[in-house]
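Quick notes on the structure that follows.
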Amino acid sequence: MAFFDPTATVKELRGTFDSGKTKSYEWRVSQLKALLKLASFHEKEIIDALHSDLSKPELESFLFEIALMKTGCKLALKELRSWMAPEKAKTSMTTFPSSAEIVPEPLGVVLVISAWNYPFLLSLDPVIGAIAAGNTVVLKPSEIAPATSSVLAKLLGQYMDCSAVKVIEGAVPETTALLEQKWDKILYTGNGKVGRIVMSAAAKHLTPVVLELGGKSPVIVDSDIDLKVSARRIIAGKWGCNNGQACISPDYIITTKDYVSELIDALSSELEKFYGKDPFKSDDLSRIVNSNHFHRLCKLLDDDKVSGKIVHGGQKDITNLKIAPTLLLDVPEDSLIMNEEIFGPLLPIITVNKLEESFNIIKSKEKPLAAYLFTNNKKLKEDFISNISAGGLVVNDTAMHVAVSTLPFGGVGESGMGAYHGKFSFDTFSHQKAVLLRSFAGDLAARYPPYTQKKQKLLRALLNGSLIGIIRVLLGWE
Amino acid sequence: MEELAGLTQSLGELRETFKSGKTRGVEWRKAQLRAILKLVEENEDKIFDALQQDLGKHPVESYRDEVGIVKKSASNSLESVQKWMAPKKGHLPLLLFPATAEVLPEPLGLVLILSSWNFPISLSLDPVIGAISAGNTVVLKPSELAPACSSFLANTIPHYLDSQAIKVIEGGIDAAEQLLQQKWDKIFFTGSPQVGRVIMSAAAKHLTPVTLELGGKCPTILDSLPDSDLEVAIKRIAGGKWGPCSGQACIGIDYILVEQKFASILVELLKKCIKKFYGESMENLKNLCRIVNKHHFNRVCNLLEDPSVSASIVHGGSWDEENLMIEPTILLDPPLDADIMTEEIFGPLLPIITLNKIEESIEFINSRPKPLAIYAFTKNERFKQKLLSETSSGSITFNDAMIQFLCDVLPFGGVGRSGFGRYHGKYSFDTFSHEKAVLHRNFYFELEPRYPPWNNFKLDFIKLAYDFNYLGLLLLLSGLRRIFRSKRSN
């Protein structure tokens, strides 16, 4: 592919932004509608691309990529006017008489770098926010999902305003060249290593960043639960989300020693119901994205400390890049699999004597993007919510919080910074400008020199908002 | 580089304190906020002294811009912190029923606050108030360029605040560098863009989020006004230029944009105002802060060095090197490519730039980096609207200057080169909190179509569900949507 000129790209987008075109409500609506159209008219093409990149089952592609993106788009279309409206702020006596408001304004030219695991959703969901907020955008899809990348480049070129929304395809050299430019915001989805590179590059231009990273998202399983439902919900969040290649997938389970065999039985039998006796024959599981990742996962399994711990699955098919849903019991804490984000179909189960010990295990690791708990114990729920720090928490389900647009989606600590989805996306790509309107009346001499004792007293009363104090000073009673 | 004494141990203690959960309780937070109030109330004179020493700040100014700000902020937080801590309910789609969603603010952990020398008390304690309200443990590093205030904070804070949770570390660049090598859960910095870049690069190594409160050249636009209003405007401009620390303020007025025909009257009125506020003689500038140190004094004086700049001085321009005083100085149309018009002035020099039409100010501002604040004195509603929508800045204030800083209800922070992130009031709390998404579900009402093996019935179910087409769903489930009946396999 011909190497693009990043400087010229950014310059063109800045020109468009400066023209003011993208600020209008009408432009934003037209672009959001174009995105909806693109997703509706080319559903088959998108699903095919996802199948080619990941063997993603059609329903999963529809559910987690197309439908979620369309829901986000529709919500933005519905709410855009209210999001764009200035928010009145109540002013205090200190600045009386005045009125204040907070006006959201677009940041300018923004860069979205997306990931390969949900290559359609993680590309367009941030773009929805960027457009809704009135920015011009460069989208850099992941080269590891090449079919989707090229579909995105083609469709966005066809449907969107090309002077304001551009797709730049490419790998490390292109990304590096893009990161050298000055952006007004960068949203990156991926891993912590690249996240650090993105943030360092952004620092040179004082560009704020949103980093959507991952982490080892734990699942705590109590024994007082509806086991069948829980097992299915864990499976849906793990293997039902791109075969574990999702940033919010359950990474490992913690349960009690007494309960673990029941849990394994339930997971095994539900897995069989979902994917059959030979999971390689199932069309309902994504494959591993490429041989790099396939080998990475094999390395996790082949670790001497781990290989003997498989209690379900473990089969590998290198020709088709498939790994069966695999459960591992009591892998050691210092094994590779317990110290890296797994991002694949392996699920270690750690056992403890008392479930409360699970909190310390989770807290001894970096803060994950998500943490899950299955229990009917009210006290445990409360402790979990107040003690466990993670991007998001779900009690008695997995991954569902991502579909709730009233919840911010984003990490904390090693799982990232900044958040998006729904109104949070709009805010992420906006600057909340503080606006204070004053009249010329009500000028207070105490603000100005020459300074006197009386002025100090008056200021004191004013800053304290004490009306009595103000009157007393003005009357000379103090 | 000399190792900061006991740094590892101090940070270890702060992490332990955070882990213990002590700083999360509302009572602890309130107690600390009360302690800050007590600290400033009981030490007002010491604070005035320290500010006098570091900057020659007059007590009225010190109260207005430092003590008063801290008291107002601490009382406001004290009153509101419980409300801020409460989880916010999130609305849920019916499809997820029965479930509840909430957004729960939680403290980030151990945070670093690096403050600046121009408002050494308020720019230190105001962010600390936010960090404590949000339940974090804190290291504050005050600026070494305001040494009296730095040592006041270091010596006084341990007597009032919980020293297992809040520590002051004094020092210069070496200390800052050592601190920046540590892992923090948030860094809050007030200062210059150059240092801001260094802070953010250091933060990137640990994926630490940062708030950068930087500065920039804050323009003031003066439209034509009736005489009575003009008088008020002039006072507010003078107050916004020389009032706050003699122009050494990030939201201080940097330059004025005015139509050519009003320039001479503006200069005359400003001169009169300066006389009234600060007197006539250089020796008696009691109400004006001095320049913080020799380095900055030279920097500001150097801005005047260029002969074409010094030729544009229409008032003032003298200085007193021994006392680090620079006279309030007005310049008329200095060259736009001179340092004084390309760098943040951060001192008592006020360039006036004339335009043919006041509307040209928009283009003038937009061709420069985004400032922290824009001030516009105008009664023209259309012009106001145009400024509001066509310029970008941290904040915009109409018909006044500086006062937006006092508005707790407005976020305070920059955009572009003037920084990012924001604080004040509830925004301070948010800046030092993580908004944790929490979704509660129970085990009833399981939706079978969520699970594989996939088939067309499930696909159709999900399509309808995403469109919130509940009628369609009912029809589908009751088998009335014929086309799917045969495919139903589960």
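The values are calculated or read from the model by the stated rules, or taken from the named source; none is laboratory data. Small disclaimer: the values here were computed from a predicted structure and weren't measured. Cβ placement follows ideal geometry from the backbone for every residue including glycine, while neighbour counts extend to all protein chains displayed.
Mind checking which residues of the range B:449-458 are outside any loop (DSSP other than H, G, I, E, B) and either at the interface with another protein chain (Cβ under 7 Å from one of its Cβ atoms) or within 30 Å of B:Lys72 (Cα to Cα) (or both)?
B:Arg450, B:Lys458
Results for (1) within 22 Å of A:Asp265 (Cβ to Cβ); (2) buried (at least 21 other Cβ atoms within 10 Å of the Cβ); (3) out of contact with any Cys (no Cβ under 6 Å at 6 or more places or on another chain), shown as yes or no for each residue.
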position: A:Pro325; (1), (2), (3): yes, yes, yes
position: A:Leu329; (1), (2), (3): yes, no, yes
position: A:Ser335; (1), (2), (3): no, no, yes
position: A:Thr351; (1), (2), (3): yes, no, yes
position: A:Lys367; (1), (2), (3): no, yes, yes
position: A:Ala370; (1), (2), (3): no, yes, yes
position: A:Lys379; (1), (2), (3): no, no, yes
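Quick one: how many residues across the range B:358-372 are more than 17 Å from A:Leu107 (Cβ to Cβ) and either without any contact (Cβ under 8 Å) to a residue 40 or more places away in the chain or part of a helix (DSSP H, G or I) (or both)?
7
Which numbered condition trips up B:Trp242, out of (1) buried (at least 16 other Cβ atoms within 10 Å of the Cβ); (2) away from chain A (no Cβ under 14 Å); (3) more than 20 Å from B:Lys384 (Cα to Cα)?
Unmet for B:Trp242, out of (1) buried (at least 16 other Cβ atoms within 10 Å of the Cβ); (2) away from chain A (no Cβ under 14 Å); (3) more than 20 Å from B:Lys384 (Cα to Cα): (2).
Is at least one residue of the range A:419-428 surrounded by fewer than 19 Cβ atoms within 10 Å (Cβ to Cβ) and either more than 24 Å from the chain's Cα centre (by Cα) or in contact (Cβ under 8 Å) with a residue 24 or more places away in the chain (or both)?
yes
Here are A:Ala201, A:Ala236, A:Ala231: which of them is facing chain B (nearest Cβ under 10 Å) and modelled with pLDDT of 95 or more?
None of the others qualify; the one that does is A:Ala201.
Hey, can you tell me all the residues within the range B:40-69 that are away from every other protein chain (no Cβ under 14 Å) and buried (at least 22 other Cβ atoms within 10 Å of the Cβ)?
B:Ala50, B:Asp54, B:Leu55
Which strands (runs of 3 or more DSSP E) sit wholly inside the range A:183-255 and have at least 3 residues that are touching a Gly at 6+ places or on another chain (Cβ under 9 Å)?
Counting at least 3 such residues, we get A:185-189, A:209-212.
Could you grab me the full set of residues in the range B:428-448 that are surrounded by fewer than 22 Cβ atoms within 10 Å (Cβ to Cβ) and more than 9 Å from chain A (Cβ to nearest Cβ)?
Those that are surrounded by fewer than 22 Cβ atoms within 10 Å (Cβ to Cβ) and more than 9 Å from chain A (Cβ to nearest Cβ): B:Asp430, B:Phe445, B:Leu447, B:Glu448.
Within the range B:221-242, is even one residue in contact with a Ser or Thr (Cβ under 7 Å, 6 or more places away or on another chain), part of a strand (DSSP E or B) and farther than 30 Å from A:Leu213 by Cβ?
For the range B:221-242, residues in contact with a Ser or Thr (Cβ under 7 Å, 6 or more places away or on another chain), part of a strand (DSSP E or B) and farther than 30 Å from A:Leu213 by Cβ: present.
From the list A:Asp304, A:Asp284, exactly one residue is among the charged types (D, E, K, R) and touching a Phe, Trp or Tyr at 6+ places or on another chain (Cβ under 7 Å). Which is it?
Every option except A:Asp284 fails the conditions.
Residues of the range B:155-174 being surrounded by 15 or more Cβ atoms within 10 Å (Cβ to Cβ) and either out of contact with any helix residue (DSSP H, G or I) (no Cβ under 9 Å at 6 or more places or on another chain) or not in a helix (DSSP H, G or I) (or both), which ones?
If the condition is that a residue be surrounded by 15 or more Cβ atoms within 10 Å (Cβ to Cβ) and either out of contact with any helix residue (DSSP H, G or I) (no Cβ under 9 Å at 6 or more places or on another chain) or not in a helix (DSSP H, G or I) (or both), then B:Leu161, B:Asp162, B:Ser163, B:Gln164, B:Ala165, B:Ile166, B:Lys167, B:Val168, B:Ile169, B:Glu170, B:Gly171 are the ones that fit.
Please enumerate the residues belonging to the range A:281-294 that are in a helix (DSSP H, G or I) and within 14 Å of chain B (Cβ to nearest Cβ).
A:Lys281
Restricting the search to the range B:38-58, which residues are more than 15 Å from B:Asp162 (Cβ to Cβ), touching a residue at least 24 places away in the same chain (Cβ under 8 Å) and not basic (Lys, Arg)?
B:Val40, B:Glu41, B:Asn43, B:Ile47, B:Asp49, B:Ala50, B:Leu51, B:Gln53, B:Asp54, B:Leu55, B:Gly56, B:His58
Mind checking which residues of the range B:245-292 are of a type in the set (D, E, K, R) and away from every other protein chain (no Cβ under 14 Å)?
Selection gives B:Asp254, B:Glu259, B:Lys261, B:Glu268, B:Lys271, B:Glu283, B:Arg290.
Any residue in the range A:119-131 that is more than 22 Å from A:Asp53 (Cα to Cα) and aromatic (Phe, Trp, Tyr)?
no
Would you kindly identify the strands (runs of 3 or more DSSP E) lying entirely within the range A:1-120 that contain at least 3 residues that are more than 10 Å from every other protein chain (Cβ to nearest Cβ)?
So the answer is A:109-113.
Can you tell me which residue within the range A:189-205, out of those that are of a type in the set (Val, Ile, Thr) and crowded, with 21+ Cβ neighbours inside 10 Å, is farthest from B:Gly196 (Cα to Cα)?
So, considering only residues that are of a type in the set (Val, Ile, Thr) and crowded, with 21+ Cβ neighbours inside 10 Å, the one farthest from B:Gly196 (Cα to Cα) is A:Thr189.
With A:Leu369, A:Leu380 as the choices, which residue is farther than 25 Å from A:Leu75 by Cβ, hydrophobic (A, V, I, L, M, F, W, C) and modelled with pLDDT of 95 or more?
A:Leu380
Picking from B:Val168, B:Val195, which residue would you name as being within 22 Å of the chain's Cα centre (by Cα) and closer than 18 Å to A:Ala203 by Cβ?
B:Val195
Kindly list, by first and then second residue, each pair from a residue in the range A:321-339 that is touching a residue at least 12 places away in the same chain (Cβ under 8 Å) to a residue that is among the acidic types (Asp, Glu), limited to pairs with Cβ atoms under 6 Å and residues at least 6 apart or on different chains.
That search, which allows pairs on different chains as well, returns A:Ser335/A:Asp303; A:Leu336/A:Asp303.
If you take the residues of the range A:46-74 that are touching a helix residue (DSSP H, G or I) at 6+ places or on another chain (Cβ under 6 Å) and of a type in the set (Asp, Glu), which of them is modelled with the highest pLDDT?
Here the answer is A:Asp53.
How many residues are under 24 Å from the mean Cα position of the chain (by Cα) and either surrounded by 20 or more Cβ atoms within 10 Å (Cβ to Cβ) or closer than 14 Å to B:Thr220 by Cβ (or both) when one looks only at the range B:369-383?
8
Filter the range B:179-197 down to the residues that are buried (at least 17 other Cβ atoms within 10 Å of the Cβ) and assigned to a helix (DSSP H, G or I), then identify the one that is farthest from the other protein chains (Cβ to nearest Cβ).
Top of the filtered list is B:Leu179.
Just one of A:Val210, A:Val151 is within 23 Å of A:Met417 (Cβ to Cβ), buried (at least 22 other Cβ atoms within 10 Å of the Cβ) and either in contact (Cβ under 8 Å) with a residue 24 or more places away in the chain or hydrophobic (A, V, I, L, M, F, W, C) (or both); which is it?
Result of the check over A:Val210, A:Val151: A:Val210.
Do you know which residues across the range A:142-159 are within 19 Å of A:Lys44 (Cα to Cα) and in contact with a helix residue (DSSP H, G or I) (Cβ under 8 Å, 6 or more places away or on another chain)?
A:Ala145, A:Pro146, A:Ala147, A:Thr148, A:Ser150, A:Val151, A:Leu152, A:Leu155, A:Leu156, A:Gln158, A:Tyr159
Against the definition (in contact (Cβ under 8 Å) with a residue 24 or more places away in the chain, over 24 Å from the mean Cα position of the chain (by Cα) and surrounded by 17 or more Cβ atoms within 10 Å (Cβ to Cβ)), how does B:Asn287 come out, yes or no?
So B:Asn287 fits the description; yes.
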